[in-house]
Amino acid sequence: MNKTWLIIKREYWTRVKKKTFLITTLLLPILVAGLIALVSYLAVKSEQKQLIVIQDESGFFINKIDSTDEFYKTIYSQPKANESKKDFLERKHADIFLHILPFKNNHPDSVIIYKEGGVSLSAKSFISNELDKIYQIKQMQDAGINKVQIDSINNSAMAIKSYDLENNKETSSEIAMAMGYSMGFLMYIIIFIYGAGVMRGVMEEKTNRIAEVIISSVKPFQLMMGKILGIGLVGLTQFIIWLSLMGFMFLVSQIVSPQMNAAMHSPIMQNSEMQQQALEQMNGEFNPMIQNLLHQNWGLIIGAFLFYFLGGYFIYAAMFAAVGSLVNEDPQEAQQLTLPVSLPIIFGIIILQATIKDPNSPLSIFGSLFPLTSPIVMLGRIPYGVPTWQLISSILLLIGGFILMTWISAKIYRTGILMYGKKPTLKEIIKWIRNS
Amino acid sequence: MLKLNHLVKTYATQKAVDDISFSVKKGCIFGLLGPNGAGKSSLLRMVTGITMPDSGEIIFNNEPFLLSKHSVQIGYMPEERGLYKKMKISEQAMYLAQLKGLSRSEAQTKINYWFKRLDMQNWENKKVEDLSKGMSQKLQFVLTVVHDPKLLILDEPFSGLDPLNSEIIKNEIFELAKNGSTIIFSTHRMEQVEEICEEIILINKGKSILQGDVKSIKEQFKLNHFKLVINNELIGFEHHIISKKGNEYILHFNNQDDANAVLNYCIQQQIKISCFQELLPSLNEIFINQVEGSAARQFTNN
């Protein structure tokens with residue numbers, strides 16, 4: 001045990017002391033934050049309203065199309081004689097040209113949309129929704145329904161709330177989906193980064209031939225476990241740093257935001273009532289979301305995340321260690337041998353996609369129980385709520401799978417690490433597992 | 001000190017070690033010889049506890065060998081040297097010494113002693129990747145002996161060393177043996193064996209083909225050849241002459257009387273004898289003879 005501890009310490013410190021560790025640990029959050037900022041900036045930028053110029057030959061839709069839409073503005077005009085559609089659009093500084101042909105027999109005939117580079121799906125659906133709505137009202141009026149009745153029909157959208165039967169708390173499928181997806185995906189990345197780290201470490205020891213020196217002092221199993229645990233601790237350290245960075249940023253924002261509020265209420269700002277209203281509206285929209293986030297069972301989520309992080313990491317790290325021990329100096333060989341280990345991870349992420357849509361389908365349940373996919377899939381299910389028996393069996397299966405996988409990997413590892421030259425065949429590897 | 005009884009180790013297709021037994025006395029420098037692929041490394045891996053023999057037993061200090069118990073007393077320098085390239089040399093030395101069971105302070109004392117002794121003090125903050133091949137070889141030797149092993153196993157310790165450093169390491173090996181360490185020395189470089197080893201075992205294709213102390217092996221394989229250098233023709237002993245180069249004769253005698261007869265003749269004829277010497281075969285000759293005898297050629301063809 002003492003020697004395993006020495007190995008853990010070495011694996012941990014040589015990695016943590018490296019400059020690359022510091023750089024990736026600090027740079028990655030900045031990179032991710034920057035990426036999010038960039039994406040939202042681009043999203044905001046593309047939210048500039050598009051101008052639709054409408055030539056309505058039927059005369060029926062004029063001034064009826066919604067002009068308060070977030071994304072589309074409308075004007076009504078018509079091209080000059082001999083003016084091409086392109087020139088017309090340019091003259092009007094418009095993006096889309098909507099041409100409504102005259103009615104035939106009191107029925108709409110054709111509607112044509114022109115746009116440079118083709119029409120986007122959202123523009124098409126906006127236009128078709130608007131036109132349908134307006135025409136429906138006309139049809140209802142024709143059928144003898146009066147204006148008041150029509151308005152009440154149109155405003156009858158129902159507010160739906162969802163509750164979890166178990167604890168009678170309000171749930172939000174959107175938030176569950178976002179959380180499930182991000183946690184599952186995080187697991188996927190963790191397994192790949194740190195699992196591959198274990199593999200590279202084993203390969204380094206094998207190709208440097210230091211494995212032989214060390215194995216004359218410690219058991220191969222100790223060397224393997226020391227490496228897995230040491231690198232696992234590196235991962236945990238990185239996480240703790242990230243979490244504390246996030247906590248720190250949260251604190252900073254808490255301190256800064258009251259000041260911002262105060263600034264908003266300063267006399268200059270108070271003049272603009274519009275701004276006030278917008279602010280209130282925003283609060284109204286965000287509060288339920290924050291409420292819902294706070295309602296999540298954070299104890300369960302954090303506990304589950306830690307457990308599946310460790311379980312998932314260990315089960316895959318053992319497999320990656322075995323793979324590393326089989327590789328000779330050829331990096332291509334490593335790629336080939338990694339494939340069987342990567343496949344279940346990729347399956348996990350595929351099942352996760354399905355799970356997010358339907359967390360209780362048989363595929364999702366299987367995926368969250370099977371130890372090679374459960375670290376990814378179960379984390380996707382947890383925000384939706386998981387029956388206790390499934391959670392417990394998943395945990396037990398993962399522990400069992402981890403023990404079995406480590407046992408098998410240790411057998412491959414201890415022979416593989418000392419074999420040089422020819423790549424062993426599958427048959428030989430199976431023999432190593434059986435024979436020792 | 002170390003006793004091997006009927007060790008057998010089989011890998012997938014071939015017997016790497018096939019029923020080998022030998023014993024090594026305390027303080028002895030023992031040579032393990034054999035051509036490439038003879039099974040030397042497989043044998044050493046069992047003695048160091050890296051692999052387990054399929055059958056047979058290893059007795060270490062009158063006890064059955066146990067890695068967990070005896071690894072502390074063994075220093076092993078494998079043929080394929082290995083060190084962490086990116087680790088600082090001082091940290092690396094500390095790590096390996098601690099893995100051998102030394103405490104931090106013990107390890108530090110020993111490392112300082114050896115670094116000073118082999119003139120490596122200014123290396124401590126370097127990384128292995130900054131060292132030349134010979135330097136890292138020297139470092140590896142230090143890391144092998146740093147915990148005062150009772151049994152030192154060196155697989156080709158001189159490969160890659162220049163004559164100067166070879167000499168230094170050789171003297172250290174003698175010194176260690178004098179202080180009671182037992183040394184197993186594996187090589188296929190015969191001139192080194194003759195110089196260093198007291199006893200040898202020669203293996204080929206996993207089997208022991210020759211073992212004993214160096215002197216008696218040479219006696220055993222001597223061809224009774226003698227070298228004689230005189231200043232005149234040697235007449236009347238033609239049936240003894242094997243070759244003649246100027247006045248230098250290689251002679252073969254079946255017994256000592258024949259030799260004395262030649263010398264008597266020279267003295268009576270007042271021929272001046274400048275050299276008369278029994279020619280013992282070099283280990284190299286014995287080695288090639290024996291290995292060829294057991295058809296080692298097949299190895300090179302494979």
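What to note about this one:
- The Cα-based radius of gyration of chain A, divided by its Kirkwood radius, gives an Rg/Rh of 1.12.
- Share of Cα-Cα pairs in the stretch B:62-181 lying beyond 20 Å, as whole percent: 41
- Euclidean distance between Cα centres, the stretch B:142-193 to the stretch A:58-112, Å: 95
- Packing-based ranking, highest mean first, of A:374-382, B:3-11 given that Cβ atoms within 10 Å are counted: A:374-382, B:3-11
- For the stretch A:6-19, 3J(HN,Hα) computed residue by residue from phi via the Karplus equation (6.51, -1.76, 1.60; θ = phi - 60°) reads 4, 5, 4, 4, 5, 4, 5, 5, 4, 7, 5, 6, 5, 5 Hz, glycine and proline entered as x.
- Rounded to whole Hz, the Karplus (6.51, -1.76, 1.60) HN-Hα couplings of the stretch A:101-115, x for glycine and proline: 7, x, 5, 10, 6, 6, 10, x, 9, 9, 10, 10, 10, 10, 7
- Backbone N under 20 Å from the residue A:154 label point (7 Å along Cα→Cβ), restricted to the stretch A:60-91: A:60-76
- Calculated SAXS-style log₁₀ I(q)/I(0) at q = 0.06, 0.10, 0.12 Å⁻¹ - the protein assembly as shown, Debye, Cα scatterers: -0.62, -1.11, -1.35
- Kirkwood radius for the stretch A:56-143, taken over all pairs of different Cα atoms as the inverse mean of 1/r, rounds to 14.1 Å.
- Cα-centred dipole magnitude for the stretch B:95-206, charges only on beta-carbon of K, R (+1) and D, E (-1), debye, nearest 20: 480
- Along principal axes, Cα extents of the stretch A:350-436, largest first, whole Å: 50, 23, 17
- Footprinting exposure proxy for B:275, B:28 (fewest neighbouring C-beta atoms within 10 Å first): B:275, B:28
- Scanning residues 5 or more positions from residue A:51 or on other chains, those with amide H under 5 Å from its amide H are A:73, A:95, A:96, with H placed 1.01 Å from N in the peptide plane.
- Within the same chain, lysines fewer than 8 places from residue B:110 are excluded, and of the rest, those with a Cα less than 21 Å from its Cα are A:3, B:88, B:100, B:126, B:127, B:138, B:150, B:170, B:178.
- The mean number of partner chain beta-carbon atoms within 10 angstrom of a residue's beta-carbon across peptide B:83-91 is 3.
- Spin-label zone in the stretch B:114-138 - amide nitrogen under 13 Å from a point set 7 Å from the Cα of residue B:175 along the C-beta vector: B:114-120
- Selected from A:193, A:178, B:260, residue furthest toward positive end of dipole (the protein assembly as shown; charges at beta carbon): B:260
- The residue B:215 and residue B:265 beta-carbon pair, evaluated with R₀ = 25 Å, returns a calculated FRET efficiency of approximately 0.25.
- Per-selection Rg to Rh, the stretch A:298-341 - Cα, Kirkwood hydrodynamic radius: 1.24
- Once the gyration tensor of the Cα atoms in the stretch A:1-83 is diagonalised, the equivalent ellipsoid follows with semi-axes of 65, 13, 9 Å, ordered largest first.
- Just checking the listed ones, B:101, B:31, B:49: in the Gaussian network model of chain B with Cα springs under 10 Å, the one fluctuating most is B:101.
- For the stretch B:112-178, the alpha carbon convex hull comes to 91 Å³ per residue, rounded to a whole number.
- Residues whose amide H falls under 5 Å from that of residue B:153, counting only those 5 or more places apart or on a different chain, are B:75, B:76, B:77, B:184, with hydrogens built in the peptide plane.
- Dipole-positive endmost among B:33, B:17, B:53 within the stretch B:1-77 (Cβ charges, Cα centre): B:33
- Residue (of A:416, A:384, A:399) at the positive-pole extreme of the stretch A:384-436, dipole from beta-carbon charges: A:416
- Net dipole in debye of chain A [+1 Lys, Arg Cβ; -1 Asp, Glu Cβ; about Cα centre; nearest 20]: 2260
- Neighbour counting of Cβ atoms within 10 Å sorts the residues A:4, A:24, A:68, B:187, fewest neighbours leading, into A:68, A:24, A:4, B:187.
- Of all stretches in chain A that contain no GluC sites (Glu not before Pro) in a DSSP loop with at most 10 other Cβ atoms within 10 Å, the longest one is A:167-328.
- Proximal aspartates and glutamates relative to residue B:133, as straight alpha-carbon distance under 13 Å, when same-chain residues fewer than 8 apart are discounted: B:80, B:162
Only the coordinates and a few stated rules stand behind these numbers; no lab work does. Note that this is a predicted model, so its numbers are computed, not measured. So basically every Cβ, Gly included, is an ideal-geometry build from the backbone, and we count neighbours across all protein chains shown.
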